[in-house]
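J.: Okay, handing you the structure first.
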Amino acid sequence: MECCLFLEARPTASAGGGSVTIDATALHRMIAALPGGVPGLLKAVVHTPVDGGANDPYLDKETPPVCTLQCYFDSIDQLESACRADGPIATILAHVDTLGAQKFAWVQQTMAVRCYGVPEPTPASNADGAPAQCTYMVSYEGPADDLNAWLRHYIDSHPPIMARFPGIREIEIYSRMDCSNTLAVPFVDVMQRNKVVFDSPAGLDAALTSPVRHEMRADFKAFPPYRGANYHFPMHSVGRLYSAAH
């Protein structure tokens, strides 16, 4: 099972409500040009907020991270090695900060990745300049009264419903992993994350106004007991494949 490093640049009071525009394609070029690459990196996805958010009939608009990076690895050992204080992930974050993200607070979490099939997936690509997709990034902060019961219900019941969204291109669900690294970024302990991916913000809105969204809401009401917030962020997403052979 792959593991994924989530790095989020979250707004702080000192950000003063300002906005930052991250050039995802330029960031991928920088990652690709790193001397020695990022050993073990399979894929990276750069997420930036969708202006105006999404039209979800059940949720208010929430303030998203200014940038979220997802870095996928084959193993936790490779991920931890890349996250040393003087390693390539630190170099990537320093580059993002030069674009204005230093006004925000970075946090990190490592999670196990569960992938689910969809009727018409978009093939992964390492082509420079590939068009952005639109991802609905979801997190359940927790805790659950019974985490195993929570995960079992969610994994068994939610993905089959998600797969019926019109225009769905990708589904992933993430559960927590312990991780030790020396990257100078605080850890967070989100109970679970997931994402659904569409071709565009319009595609996401079409899915959210479809009957499937009401099925999702009905299943949400059947979740085992849990506490804590849940967040839903619509993001522009640019992914690129990398070679784990570096």
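The values are calculated or read from the model by the stated rules, or taken from the named source; none is laboratory data. Predicted model, so just to flag it, every value in this text is computed and none were measured. Note: ideal-geometry Cβ built from the backbone for every residue, glycine included; neighbour counts use all protein chains shown.
J.: Search the stretch 47-59 for residues that are under 19 Å from residue 24 (Cα atoms) and pair each with any residue that is modelled with pLDDT under 95 and of a type in the set (Asp, Glu) when their beta-carbon atoms are under 8 Å apart and the residues are at least 6 apart or on different chains.
T.: Qualifying pairs under 8 Å: 53/62.
J.: Hey, another quick one. Name the one entry in 131, 166, 123 that is at pLDDT 95 or above and not small (Gly, Ala, Ser).
T.: Only one candidate passes the filter, namely 166.
J.: Filter the stretch 64-109 down to residues that are among the hydroxyl-bearing types (Ser, Thr, Tyr) and at pLDDT 90 or above and give me whichever is nearest to residue 1 (Cα to Cα).
T.: 75
J.: Just checking, does the stretch 62-70 include any residue being in a loop (DSSP other than H, G, I, E, B), free of Cβ contacts under 8 Å to residues at least 24 places away in the same chain and surrounded by fewer than 20 Cβ atoms within 10 Å (Cβ to Cβ)?
T.: no
J.: For the stretch 217-241, give me the residue count where each residue is in contact with a helix residue (DSSP H, G or I) (Cβ under 7 Å, 6 or more places away or on another chain) and surrounded by 20 or more Cβ atoms within 10 Å (Cβ to Cβ).
T.: 3
J.: Here is a follow-up. Could you tell me which residue of the stretch 127-142 is nearest to residue 189 (Cα to Cα), considering only residues that are surrounded by 14 or more Cβ atoms within 10 Å (Cβ to Cβ) and more than 16 Å from the chain's Cα centre (by Cα)? So that I can check it myself, show each step before the final result.
T.: Going through the stretch 127-142, the residues surrounded by 14 or more Cβ atoms within 10 Å (Cβ to Cβ) turn out to be 130, 132-142.
Checking the rest, the ones that are also more than 16 Å from the chain's Cα centre (by Cα) come to 130, 142.
Working: 130: 32, 142: 9 Å.
My answer is 142.
J.: For the stretch 38-53: of the residues being farther than 18 Å from residue 104 by Cβ and buried (at least 21 other Cβ atoms within 10 Å of the Cβ), which is nearest to the chain's Cα centre (by Cα)?
T.: Residue satisfying both the conditions and the ranking: 45.
J.: What number goes with the only condition from (1) under 29 Å from residue 41 (Cβ atoms); (2) in contact with a His (Cβ under 7 Å, 6 or more places away or on another chain) that residue 231 does not pass?
T.: So residue 231 meets the others, but not (2).
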